[in-house]
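These notes are about the structure you will find just below.
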Ligand code: IPE
Ligand code: MG
């Protein structure tokens, strides 16, 4: 979800106004995903690199997250959305962590849309953490390292309960992965859109899904 700052700047508004509009776009995008039959939606809300932003902006972003949880969890539950978090949640304050956990448990019965928020998330550090956990499991004898394959390794990632993404959408015209789901996106179709995140709506999602459906996915196999 990229482009909040530029959206605000174009209107002569402070960056936080862009983040607020971005939070509204999140709500819109979730509704659109449900309407359009998407079952898994993962939003990159805050990267491990975003901690390097000025303290004021980090505070505004965590404040917005808290507000979002307080205002949306009831609706998420009602709409059958199951909420999960991936990322290094230890870096958030204990009370925010508790709110994230509460949101996860309140929505645990949801079956219409699996919504995952990537928070303080970085793909490389996730892979390192998985390697560490795997090494520990090998050391304790819980796994035999010689049996390990790709599927076995993926079970140590924070996304163990999730399917790999089919489609990755990046907004705001940037053409990078920026350390997002590096392992999991090995075969994802990448769609880059020029729209700034706060302007993202149901039509943009539909356009990305239409583009996805035109792609031919071969997973390295030959064209027949
Ligand atoms: C995305 O918008 C929101 C977060 C990364 C939290 P940006 O804040 O990156 O907006 P730009 O890239 O400056 O426009
Ligand atoms: Mg950006």
Multiply the residue separation of residue 214 and residue 55 by 0.36 nm, subtract the distance between their alpha-carbon atoms, and state the gained length in nm to one decimal. 52.9 nm
Between residue 10 and residue 221, what length in nm is gained on full extension when 0.36 nm per residue of separation is reduced by their alpha carbon distance? 71.5 nm
If you rank 59, 193 by fewest surrounding Cβ atoms within 10 Å, what's the result? 59, 193
At R0 = 35 Å, how high is the FRET efficiency between residue 155 and residue 36 if r is their beta carbon distance? Nearest 0.05 is fine. 0.70
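Averaging over every viewing direction, what projected area does the convex hull of the Cα atoms of the range 61-125 cover, in nm²? Write down the numbers at each step before the final one.
Working: hull surface 17.6 nm².
Projected over every direction and averaged, the Cα hull of the range 61-125 covers 4.4 nm².
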Contact order relative to length for the chain, counting C-alpha pairs under 8 Å separated by 6 or more residues, stands in percent at 26 percent
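Hey, could you get me the Stokes-Einstein D for the range 151-204, Kirkwood radius over alpha-carbon pairs, 20 °C and 1.002 mPa s, rounded to whole µm² s⁻¹? Let's see the in-between values first.
Details: Rh = 12.6 Å.
Answer from the Stokes-Einstein relation: 170 µm²/s.
Normalised radius of gyration for the range 1-131, please: alpha carbon Rg relative to 2.2 N^0.38 Å, two decimal places.
Ratio of Cα Rg to 2.2 N^0.38 Å: 1.06.
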Per Stokes-Einstein, at 4 °C and 1.567 mPa s, what whole-number D in µm² s⁻¹ belongs to the range 93-205, with the Kirkwood radius over Cα pairs as the hydrodynamic radius? 77 µm²/s
Select from 182, 117, 168 the residue whose mean-square fluctuation is largest in a Gaussian network model of the chain (Cα-Cα springs shorter than 10 Å). 182
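How much of the calculated P(r) for the chain lies past 30 Å, in percent of all Cα pairs?
26 percent
Each reported figure results from applying straightforward, stated rules to the coordinates on display, with no laboratory input. Computed from a predicted model, the values in this text were never measured in an experiment. No Cβ is skipped: glycine too gets one built from the backbone with ideal geometry, and neighbour counts run over all protein chains shown.
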